[in-house]
Amino acid sequence: MKSRRKRYLRFCLHQDGSPINGKQLTAEVRRNLLSLYGEVAVADSRLYLSKYNEDSGMGILQCNAALLEKVITSSVLIGSIEKTRVSFEPKKTSGTLKGLKT
Amino acid sequence: MSIDLNVRSPTSKSLGSFVKMADSLGLTGFATVLQRDKPFETLEGGMDLFTRIDLPESGLRAVKKAAKEARPKAAVIAVPLRGVDVSNWAAEDERVDFLTLDKPHNECILRESTAKLAAVSGTALEVPIEPLLTSSGLTRSKVIKVFRENVQTAVGMGMQVILSSGSKVVMSMRSPTAMRYVGLLLGLDWKYTKIAVQEGPQSIIDRNKKRLGSDFVAPGVEIVQRGETE
């Protein structure tokens, strides 16, 4: 039985072009996760965008702890979203939202 | 401290935006293929800039000649991983810093014998991650295959692996942490990714700074004190 523990990831999405919204970002992370690791990984990931600021690009992703590494790798390999070139920068991971602030 | 040894800024004008991006990603320096006056320099904001020269893909004689000319001018010298002759020579030659997988396709095969030679002389295998960002689906899986197989050979033979961005555009640059996750995808373990992204590139720069210094004579031989001539 796979762990159901959550992990939170604080990130910054650097953008060069029109701003990317949360829906577009989540969809692209899922698409890359599917392409790299397959349907089971997407199904188990329990991916959710907790917070996201379109202007600064700062946000918090929530996912299954067991899939954290794959989620980050998939996100890092996103080159562009809707013709906007992006660079995904993982900042910090934690088991709690509170932990991300410290 | 983290540096990216492969930034392919197309013009001197665009270099400023690469410096800005490198700064925001937490890099302390990067190597550029643009011709600079000095192999090592520090910009006003504190960003270190290194000159990188990629030797031509032509025959062995031309590559040898180019290496001789390039060494005093470059902080890092790279040779593309192609034919056996050039790869074996580059692996053995201490003037060459990397064998690079710049255009990953099925002909880019690092032989175990080449990796063994490189491990002895300190030549590293450079993996620029840019092709992973610009491809998708089956094309990307082929790139991943070439990268993973060559990384496995290098690590198995004790050859150092270095990860770089190979970025032609600003947004292809990645933070050191992001690069470490790409390292995991290529089959490196988490501990080794730190060597491939941070410690390895820094040690290559430190080594070459020493080598290009006026006190260096040969590996293991350097001038510690100069005598006075009458």
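The values are calculated or read from the model by the stated rules, or taken from the named source; none is laboratory data. Treat the numbers as computed from the prediction; the structure is a model and nothing was measured. No Cβ is skipped: glycine too gets one built from the backbone with ideal geometry, and neighbour counts run over all protein chains shown. Keep in mind that these areas ignore ligands, DNA and RNA; they rest on the heavy atoms of the full protein, side chains included. Shrake-Rupley method; radii C 1.70, N 1.55, O 1.52, S 1.80 Å.
Name the strands (runs of 3 or more DSSP E) wholly inside the range B:1-49 in which the number of residues that are farther than 20 Å from A:HIS14 by Cβ and over 17 Å from the mean Cα position of the chain (by Cα) is 1 or more.
B:40-42
Residue-wise test of (1) β-branched (Val, Ile, Thr); (2) free of Cβ contacts under 8 Å to residues at least 40 places away in the same chain.
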position	(1), (2)
B:SER172	no, no
B:GLY183	no, yes
B:TRP190	no, yes
B:VAL221	yes, yes
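Residue-by-condition table, conditions (1) away from chain A (no Cβ under 14 Å); (2) out of contact with any Cys (no Cβ under 6 Å at 6 or more places or on another chain); (3) surrounded by 14 or more Cβ atoms within 10 Å (Cβ to Cβ):
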{"position": "B:VAL161", "(1), (2), (3)": "yes, yes, yes"}
{"position": "B:MET171", "(1), (2), (3)": "no, yes, yes"}
{"position": "B:THR193", "(1), (2), (3)": "no, yes, yes"}
{"position": "B:ASP206", "(1), (2), (3)": "yes, yes, no"}
{"position": "B:ARG226", "(1), (2), (3)": "yes, yes, no"}
Inspect the range B:133-151 for any residue being touching a Lys or Arg at 6+ places or on another chain (Cβ under 9 Å), surrounded by 24 or more Cβ atoms within 10 Å (Cβ to Cβ) and not hydroxyl-bearing (Ser, Thr, Tyr) and give the result as yes or no. yes
Please work out if B:ALA178 is within 9 Å of another protein chain (Cβ to nearest Cβ) and assigned to a helix (DSSP H, G or I). yes
Give the number of residues within the range A:1-54 that are open to solvent by 60 Å² or more (accessible area, probe 1.4 Å) and β-branched (Val, Ile, Thr). 1
Please verify whether B:VAL96 is at pLDDT below 90, open to solvent by less than 10 Å² (accessible area, probe 1.4 Å) and more than 19 Å from B:GLU130 (Cα to Cα), treating the condition exactly as stated. no
Please list, ordered by residue number, the helices (runs of 4 or more DSSP H) wholly in chain A having 3 or more residues that are within 14 Å of chain B (Cβ to nearest Cβ). A:22-37, A:68-76
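Restricting to the range B:208-218, count the residues that are open to solvent by 40 Å² or more (accessible area, probe 1.4 Å) and either within 20 Å of the chain's Cα centre (by Cα) or at pLDDT 95 or above (or both). If you could, list the steps in order and put the result at the bottom.
Let us first name the residues in the range B:208-218 that are open to solvent by 40 Å² or more (accessible area, probe 1.4 Å), namely B:209-212, B:214-217.
If we keep only those that are either within 20 Å of the chain's Cα centre (by Cα) or at pLDDT 95 or above (or both) too, we end up with B:209-212.
Matching residues across the range B:208-218 total 4.
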Please determine, by comparing only the residues of the range B:1-18 that are under 19 Å from A:PHE88 (Cα atoms) and surrounded by fewer than 22 Cβ atoms within 10 Å (Cβ to Cβ), which one is farthest from the other protein chains (Cβ to nearest Cβ). B:SER2
Which ranges mark the helices (runs of 4 or more DSSP H) fully within the range B:60-168 that have 2 or more residues being in contact with a Leu (Cβ under 7 Å, 6 or more places away or on another chain) and touching a residue at least 12 places away in the same chain (Cβ under 8 Å)? B:60-70, B:84-92, B:130-134, B:137-157
Options B:GLY227, B:GLY187, B:GLY213; residue that is in contact with a Lys or Arg (Cβ under 6 Å, 6 or more places away or on another chain) and not in a helix (DSSP H, G or I): B:GLY187
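Within the range A:86-102, how many residues turn out to be loosely packed, with under 14 Cβ neighbours inside 10 Å, polar (S, T, N, Q) and touching a residue at least 24 places away in the same chain (Cβ under 8 Å)?
Initial filter on the range A:86-102 (loosely packed, with under 14 Cβ neighbours inside 10 Å): A:95-96, A:98-99, A:101-102.
Next, only the ones that are polar (S, T, N, Q) stay: A:96, A:102.
Now drop any that are not touching a residue at least 24 places away in the same chain (Cβ under 8 Å), which leaves A:96.
Matching residues across the range A:86-102 total 1.
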Keeping to the range B:23-75, report how many residues are of a type in the set (S, T, N, Q), closer than 19 Å to B:ASP93 by Cβ and surrounded by 14 or more Cβ atoms within 10 Å (Cβ to Cβ). 1
Is it the case, given these coordinates, that A:SER80 is more than 23 Å from B:ARG180 (Cβ to Cβ), open to solvent by 20 Å² or more (accessible area, probe 1.4 Å) and either of a type in the set (Gly, Ala, Ser) or in contact with a helix residue (DSSP H, G or I) (Cβ under 9 Å, 6 or more places away or on another chain) (or both)? no
